[in-house]
Amino acid sequence: GGHAWTGALPVNGVSMEDALCYVAWRSRLTGERLRLPREDEWEKAARGMTGNEYPWGDNLSGDRANYLNSGDPWDNGTTPIGFYNGQIYEDFQTTDSPSPYGCYDMCGNVYDWTDSWYNSANRVLRGGSWYHNNSYDRFRSWYRPYSYPTHAYYNFGFRCASTIE
C-alpha cells in the first residue's frame, strides 16, 4: 500500500551545477526569472526577522521536520514537500511548521544549494537533511555546511528563488 499523503518528494541527489541547469531551463520555459537563492535570502526566508533557531521557533521535534529517526511515515528518507502542515497522515500528527514567510521544508528533508560561495572552492548549502539525527546543530537556521558544486549527494536538493522587479 501507498502512503496517505501523495505530494511530490523533493528532488535530491543533484549537484549545484544540476540545479543551475534546471533553473535556467525552467526560466526559459516559463519566462520567470528563476535562480538559486543567496544564503542570506535563504536564511531570511527560513527565519524571517525573528531570529528563531528553526523556522517555526526554538525547538526541534519530529512532528515539525524530517530528520533521521524523527518518526514520520517516511522515516530515513525524504518526506513529501509541505508534509508538515498540521494534518494527520497514517496516524502521524504533524504540526503546521512554515517559516515566517510561509515556506515549508526549510529545516530537514534535503539540504538546499545556495548561490553563495563558502570559500574559493565550495558553495554553501542550508537546511539540514533527513540523513542526520536531531543531536546536531545541522537543522538550525544559521547552520551553513558546504560542498563542491559538482557533488551530487543523496541528501542535496535545491529550491528556486524568483527575481521580482
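The values are calculated or read from the model by the stated rules, or taken from the named source; none is laboratory data. The structure displayed is predicted, hence computed values, not measured ones. With ideal geometry, Cβ positions are generated from the backbone for all residues, glycine too; neighbour counts draw on all protein chains shown. Just the protein is used for accessible areas: all its heavy atoms, side chains included, with ligands, DNA and RNA removed. Shrake-Rupley method; radii C 1.70, N 1.55, O 1.52, S 1.80 Å.
At a glance:
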read-out: Derived scalar couplings ³J(HN,Hα) [the stretch 90-95; Karplus, 6.51 cos²θ - 1.76 cosθ + 1.60; whole Hz; x for Gly, Pro]; value: 6, 6, 9, 7, 9, 10
read-out: The stretch 1-93 - charge dipole about Cα centre, Lys and Arg +1 at Cβ, Asp and Glu -1, debye rounded to 20; value: 520
read-out: Tensor-based shape of the stretch 64-115 (alpha-carbon gyration tensor, a/c under 1.5 rounded, otherwise prolate or oblate); value: oblate
read-out: Amide H partners (placed H, <5 Å) of Gly157, local residues excluded; value: Tyr111, Asp112, Trp113
read-out: Heavy-atom accessible area per residue - the stretch 1-134, 1.4 Å, Å²; value: 48
read-out: Probe 1.4 Å - accessible area at Thr50, Å² to nearest ten; value: 80
read-out: Among (1) 2.07; (2) 1.01; (3) 0.96, the entry derived from the coordinates for Rg/Rh (Cα atoms, Kirkwood Rh); value: (3)
read-out: Nitroxide proxy distance, nm - points 7 Å out along Cα→Cβ at Thr150 and Asn122; value: 1.7
read-out: Mean Cβ count within 10 Å, highest first, over the residues of peptides 20-30, 63-73, 90-100, 39-49; value: 63-73, 39-49, 90-100, 20-30
read-out: With every protein chain in place, the chain: carbon and sulfur % of accessible area (1.4 Å); value: 49
read-out: Point-charge dipole on Cβ atoms (K/R +1, D/E -1) for the stretch 28-82, about Cα centre, debye to 20; value: 380
read-out: Under the Karplus curve 6.51 cos²θ - 1.76 cosθ + 1.60, θ = phi - 60°, whole-Hz ³J(HN,Hα) for the stretch 71-80, x wherever Gly or Pro sits; value: x, 6, x, 9, 3, 6, x, 6, 9, x
read-out: Sequence-separation-based contact order of the stretch 1-107, relative, with Cα cut under 8 Å and 6+ spacing, percent; value: 29
read-out: Amide proton proximity set for Asn66, modelled H, under 5 Å, gap of 5+; value: Asn109
